[in-house]
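Please read the structure below before turning to the comments.
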Amino acid sequence: GYPGDYPKAIPIDIPAELAADPAVVVFHAGTTLQDGRLVSNGGRILNVTATGATVAEAAERSRSAAAKIRIDGGHFRRDIGWREIARGASGPHPAR
C-alpha cells in the first residue's frame, strides 16, 4: 500500500513455535484484535527480531521466523543487516 492506504483486517497467523523460541521476538506495530483474531491495522505491522552467535546467524533466524508468519499479501524484507554481514561481523558490536 505504500505510499497509499493499507488494507486492514487481514488475518495474521503467528505460529505458537515462534512465541516459544527465546531467540525470537515479534514486535507488533500495526496489528489489532478483531473478534478475538489478530489482524492487520496499518502498514508495517510486525518486526521480527532474533539473536544469534553472529549477526548472520541472528539475521537468518529472524528471516526464517518471519517466513513462518502467514498473512495474505504480506511480504517481509530480507536485506536487513546485509552490510554488517558483508563486513564479516562475528559477534557483538563494540561500543562506539
Net charge near GLU57 (other residues with Cβ under 14 Å of its Cβ; Lys, Arg +1; Asp, Glu -1) is -1
Helix 55-68: inclination vs the chain longest Cα principal axis, degrees, rounded to 10, gives 20
Taking 0.36 nm per residue of separation between ARG44 and GLU84 and subtracting their Cα-Cα distance, the length gained on full extension comes to 12.1 nm
Whole-Hz Karplus couplings 3J(HN,Hα) for segment 28-38, θ = phi - 60° and coefficients 6.51, -1.76, 1.60, Gly and Pro as x, run 9, 10, x, 10, 7, 9, 10, 6, x, 10, 6
Once normalised by the length of segment 1-57, the mean sequence separation of its alpha carbon contacts under 8 Å that are 6 or more apart gives a contact order in percent of 37
The long-range amide H neighbours of GLN34, using H built 1.01 Å from N in the peptide plane and a cut-off of under 5 Å, are VAL39
Residues whose modelled amide H sits under 5 Å from the amide H of LEU46, counting only those 5 or more places away in sequence or on another chain, are ALA29, GLY30
Expressed in nanometres to one decimal, the distance between label points 7 Å along Cα→Cβ at LYS68 and HIS28 is 1.9
Taking a probe of 1.4 Å and leaving out DNA, RNA and ligands, the chain shows per residue an accessible area in Å² of 72
With a 1.4 angstrom probe the carbon and sulfur portion of accessible area for the chain, in percent, totals 53
Candidates ILE80, ILE14, ILE69; GNM for the chain (alpha-carbon contacts under 10 Å) flags as most fluctuating ILE80
Residue span GLU60 to ASP13: 0.36 nm per residue of separation minus Cα-Cα distance leaves a gain in nm of 14.9 nm
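The values are calculated or read from the model by the stated rules, or taken from the named source; none is laboratory data. Not measured: the values here are computed from a predicted model. Using ideal geometry, Cβ is built from the backbone for each residue, glycine included, and neighbour counts are taken over all protein chains shown. These accessible areas exclude ligands, DNA and RNA; they are computed on the full protein's heavy atoms, side chains included. Shrake-Rupley method; radii C 1.70, N 1.55, O 1.52, S 1.80 Å.
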